[in-house]
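See structure below.
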Amino acid sequence: MSELQIFNTLVSAYPIIAALIALAVLFITPPYGRHNANKPLWGPQISSRAGWLIMEAPASLAPLALLAISKRYDLVVCVFMAIWQIHYINRSFIFPFRRRGGVTNMPVSIVLMGLTFNVVNTYVNWRYLTHFALPYPQSWLLDPRFLIGCVLFFAGLAINQHADWVLINLRKPGEKGYKIPHGGLYRFISCPNFFGEMLEWTGWAIATWSMAGLGFALWTAANLVPRALAHHRDYRTRFSNYPQNRRAVLPFVL
């Protein structure tokens, strides 16, 4: 198979794989974060900080390598790179060191699954932008699709960052345990951080106007919606006074 055939196969498989992931995560909650109880069936564990770095760093570094290989340094691709890196530099190199609550662990199997997704997803999005796609004209930066996509992306980024800030500041340095978050979209949903991330990559899909971007948005929702439902159930189990009017991830809906 040629690289183009492999690329097209991956893009075509995205919706199917996303649906399968959503079904799997609905019934089997991946054991990391609050859902990790050192479950032996998931294998050996490592520091969650190291796990985040291993999983997420390739999503920041690999696009730079693909851009260097292609030498497609046109303005629109460079703008897309800046947008992508705003998310992934934070996710890879800042977020793991901002978390409080002491050193926690996560299964190596989860790290490897996250790493696999990020490598494949980064390849699909950035090989498309730097090689398979026709060059975007500079006028694309004024196209309604790009502008609407950017508005959604940065709105989602702001929601995600505020939600993370609220969670981080629920605990004092070194403090452990879970508390009920308040403020912002926490008034309406249990997981505005997930809602914000889904909004980001929906915006990315619109701004790039690509099947690769759409596949990423579908993967994100397939992973985060079931996880938000699991978080929501956990909050309601932990706290008898948890606000009953909150939804899991979509205000007033889900």
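Just the residues that are of a type in the set (S, T, N, Q) and either part of a loop (DSSP other than H, G, I, E, B) or in contact (Cβ under 8 Å) with a residue 60 or more places away in the chain (or both), please, taken from the range 55-80.
If the condition is that a residue be of a type in the set (S, T, N, Q) and either part of a loop (DSSP other than H, G, I, E, B) or in contact (Cβ under 8 Å) with a residue 60 or more places away in the chain (or both), then Ser70 is the only one that fits.
Here is a check on your reading of the model: is Arg49 of a type in the set (Lys, Arg) and surrounded by fewer than 17 Cβ atoms within 10 Å (Cβ to Cβ)?
yes
Do you know which of the residues in the range 81-139 that are without any contact (Cβ under 8 Å) to a residue 60 or more places away in the chain and β-branched (Val, Ile, Thr) is farthest from Leu61 (Cα to Cα)?
Val103
Condition first: without any contact (Cβ under 8 Å) to a residue 40 or more places away in the chain and part of a helix (DSSP H, G or I). Can you find one or more residues in the range 239-251 that meet it?
No, every residue in the range 239-251 fails to be without any contact (Cβ under 8 Å) to a residue 40 or more places away in the chain and part of a helix (DSSP H, G or I).
From the list Asn160, Asn118, Asn125, exactly one residue is in a helix (DSSP H, G or I) and over 27 Å from His232 (Cβ atoms). Which is it?
Asn125
Checking Ala228 against (1) modelled with pLDDT under 95; (2) out of contact with any strand residue (DSSP E or B) (no Cβ under 9 Å at 6 or more places or on another chain); (3) crowded, with 21+ Cβ neighbours inside 10 Å: exactly one of these is not met. Which one?
Only one criterion in (1) modelled with pLDDT under 95; (2) out of contact with any strand residue (DSSP E or B) (no Cβ under 9 Å at 6 or more places or on another chain); (3) crowded, with 21+ Cβ neighbours inside 10 Å is unmet by Ala228, namely (2).
If the requirement is being buried (at least 20 other Cβ atoms within 10 Å of the Cβ), in contact (Cβ under 8 Å) with a residue 40 or more places away in the chain and either not in a helix (DSSP H, G or I) or not aromatic (Phe, Trp, Tyr) (or both), which of these qualifies: Gly196, Gly177?
Only one candidate qualifies: Gly196.
Can you list residue pairs whose Cβ atoms sit under 9 Å apart, with the first residue in the range 207-225 being at positive phi and the second being in a helix (DSSP H, G or I) and not charged (D, E, K, R)? Count only pairs 6 or more apart in sequence or on different chains.
Listed by first residue and then by second, the contacts come to Trp209/Trp140; Trp209/Phe146; Trp209/Gly149.
Is one or more of the residues making up the range 240-249 modelled with pLDDT under 90 and more than 28 Å from Pro15 (Cα to Cα)?
Within the range 240-249, one or more residues are modelled with pLDDT under 90 and more than 28 Å from Pro15 (Cα to Cα).
The values are calculated or read from the model by the stated rules, or taken from the named source; none is laboratory data. Note that the coordinates shown come from a computational prediction; the quantities given were computed from them, not determined experimentally. Positions of Cβ are backbone-derived with ideal geometry, glycine not excepted, and every protein chain shown enters the neighbour counts.
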